[in-house]
1. Where does each of 154, 93 land when they are ranked from fewest to most other beta-carbon atoms within 10 angstrom?
2. Give me the angle, in degrees from 0 to 90, between the Cα long axis of helix 221-235 and the longest principal axis of the Cα atoms of the chain, rounded to the nearest 10.
3. Could you work out how much longer the chain between residue 154 and residue 38 gets when fully extended? Use 0.36 nm per residue separation minus the Cα distance between them, nm to one decimal.
4. Between residue 216 and residue 9, what is the spin-label point distance in nm, taking each point 7 Å from the Cα along the Cα→C-beta axis?
5. Starting with the fewest neighbours, write out 10, 90, 63 ranked by other beta-carbon atoms found within 10 Å of each beta-carbon.
6. For the pair residue 134 and residue 24, how long in nm is the line joining their label points, each one 7 Å along Cα→Cβ?
7. How long are the semi-axes of the equivalent ellipsoid of region 132-237, taking √(5λ) for every eigenvalue λ of the Cα gyration tensor, in whole Å from largest down?
8. Run the numbers for residue 31 and residue 97: contour at 0.36 nm per residue of separation, minus the present Cα-Cα distance, in nm.
Ligand code: ADP
């Protein structure tokens with residue numbers, strides 16, 4: 001069995017793989033990563049990745065770029081570009097040239113930004129997608145930088161737009177911000193916890209010309225990629 005452990009800035013994810021199949025997976029907040037590892041579990045089986053990869057037990061630590069590339073290709077060998085929308089940053093990886101760019105400035109285009117909005121509305125972050133689908137009007141939001149976006153949101157609410165319309169507008173602004181980072185491509189794969197928000201997927205789909213794919217369990221792709229890294233090195237021995 002090979003274990004991929006992805007400890008990111010917001011959540012920790014684990015994937016157990018045996019002969020190319022996922023046999024177990026779990027997600028917890030990052031500070032509770034220890035819950036994912038059994039006492040006495042063989043450290044030699046763990047390939048870690050994510051922001052805290054070097055702080056957790058591991059046999060080998062690999063970058064999120066390597067992990068995402070392996071995980072995405074497992075789902076679709078023809079994926080050209082990966083957009084990984086995590087808790088504190090967004091990474092765009094071009095698999096054709098093995099290059100990437102990262103945005104972690106002022107929470108623009110990250111899960112933290114949407115969490116801020118959800119907190120303002122006092123709703124769970126996982127209801128943002130449903131709210132988006134219920135919008136009836138298009139609200140223009142221009143800012144994606146935390147506090148500025150919130151004050152823009154408030155002025156649209158005061159102006160008479162509904163919470164659903166404003167959330168729709170936020171998702172559009174979010175997607176436009178991310179689109180600036182994305183090179184032209186036929187196939188783009190969305191991964192990371194934030195793409196469990198169907199409003200974000202729809203908004204990115206609307207702003208990009210590319211075919212958009214979302215794998216099953218998008219939040220686990222990097223942990224899966226880490227487990228695959230081990231499988232790959234085992235099989236080449
Ligand atoms: P990281 O690897 O950077 O720790 P993840 O890829 O695990 O981050 O993504 C965490 C983000 O995903 C958080 O900001 C969280 O709010 C968001 N998220 C998780 N589940 C959902 C959901 N069902 N709907 C919307 N956002 C979600």
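Readers should treat all values here as calculations from the given coordinates under stated rules, not as data from a laboratory. Values in this document were obtained by computation on a predicted structure and should not be read as measured data. With ideal geometry, Cβ positions are generated from the backbone for all residues, glycine too; neighbour counts draw on all protein chains shown.
1. Going from sparsest to densest Cβ surroundings: 154, 93.
2. 20 degrees
3. 37.1 nm
4. 3.1 nm
5. The most exposed by this proxy come first: 63, 10, 90.
6. 3.9 nm
7. On the way: eigenvalues 241, 38, 30 Å².
They are 35, 14, 12 Å, listed largest first.
8. Length difference between fully extended and current span is 20.3 nm.
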